[in-house]
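What follows draws every value from the coordinates through simple rules; no lab data is involved. This is a predicted model, so every value here is computed, not measured. Here Cβ is always computed from backbone atoms with ideal geometry, including for glycine, and neighbour counts include all displayed protein chains.
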Amino acid sequence: MAFAFSSILDELKKEIAALAKSTVTNYLKEAKKDAQSIIESSQEKLERWTKLLESGSLTVNEFEWLINSQKDLIQMDALKKAGLSKIKADQFKESVFILIVDTILKAIKII
Amino acid sequence: MRKVRFYFLSLVVLVAFASCRSIALFDQYAYVEATSIKVDALHLIDHSVEPYSENSKEIDALNLKIEKIFEYEKHRTNNETSAQLWSLLKNPDKNLLGGYLKKWQSDGKLNKAFSQEAKVQISEAFDIIIELESKKIKPSDDVVVNFLNKQK
């Protein structure tokens, strides 16, 4: 059975490029939105804690504790983002493999 | 012959996937434990305006649950990120749940305004752990397995 490998490869290249483009675009959009939300949330908290400090509801020690907790939360968030990137990478790899297997099986008319 | 070829190819693909996954799949037990421990922890924080000694039994029980889930997470393959998250949350030298319980113990009891603000922070820390777990690929959503099942 003679296979038109060059046309299969061309098709695969096109489909993988489109898949990569949509994966990266979606991920960048989500990451940008997430980063913006952390900045806004940190700002709101800082304003609220400053008011509580000024009114005497929080001590300096408690205020500092909360500031440091925000720093730790940001560290956790960075780790979560790293984890989410790994999930996206795995999903991308899976899609590429499926694409390859599907294209080859169709070409050799197994499915 | 074609069928044999297909199954051989399928096997190769499966083996390739099993060996190259960069993060663990979703785990129902890890997810349920994280949400359950979150509820327990936030409930306990509401009691931190009371003396630590009056709640020491509940605090010990919570710490034990956290140690158990941390051990579980630490030993799952490709699960370093979730284990690191639990490690930060429980660390007494950080300013999240571990640090909060340490402060409660050293101060005896904590003031209402502070405990309410810290509760928000600790709740968000749990949400980070829960969100990561919930976004991991579910075994039922594994596209490779689904693809192969479709071909049978």
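Quick notes on this one:
- Condition met for residue B:113 (surrounded by 15 or more Cβ atoms within 10 Å (Cβ to Cβ), touching a Ser or Thr at 6+ places or on another chain (Cβ under 9 Å) and of a type in the set (A, V, I, L, M)): yes
- Flag if residue A:54 is over 17 Å from residue B:128 (Cα atoms) and out of contact with any strand residue (DSSP E or B) (no Cβ under 9 Å at 6 or more places or on another chain): yes
- In segment A:78-89 there is at least one residue matching the filter, namely being charged (D, E, K, R), within 12 Å of another protein chain (Cβ to nearest Cβ), touching a Phe, Trp or Tyr at 6+ places or on another chain (Cβ under 9 Å) and under 19 Å from residue B:135 (Cβ atoms).
- The listed residue being under 27 Å from residue A:107 (Cβ atoms) and either assigned to a helix (DSSP H, G or I) or in contact with an Asp or Glu (Cβ under 7 Å, 6 or more places away or on another chain) (or both), out of A:35, A:31, A:20: A:20
- Being facing another protein chain (nearest Cβ under 7 Å) and in a loop (DSSP other than H, G, I, E, B) holds for only one residue in A:73, A:58, and it is A:58.
- Note on segment B:130-144: among residues that are part of a helix (DSSP H, G or I) and more than 8 Å from chain A (Cβ to nearest Cβ), the one that is surrounded by the fewest Cβ atoms within 10 Å (Cβ to Cβ) is B:140.
- Between A:79, A:99, the distinction of being surrounded by fewer than 17 Cβ atoms within 10 Å (Cβ to Cβ) and not charged (D, E, K, R) belongs to A:99 only.
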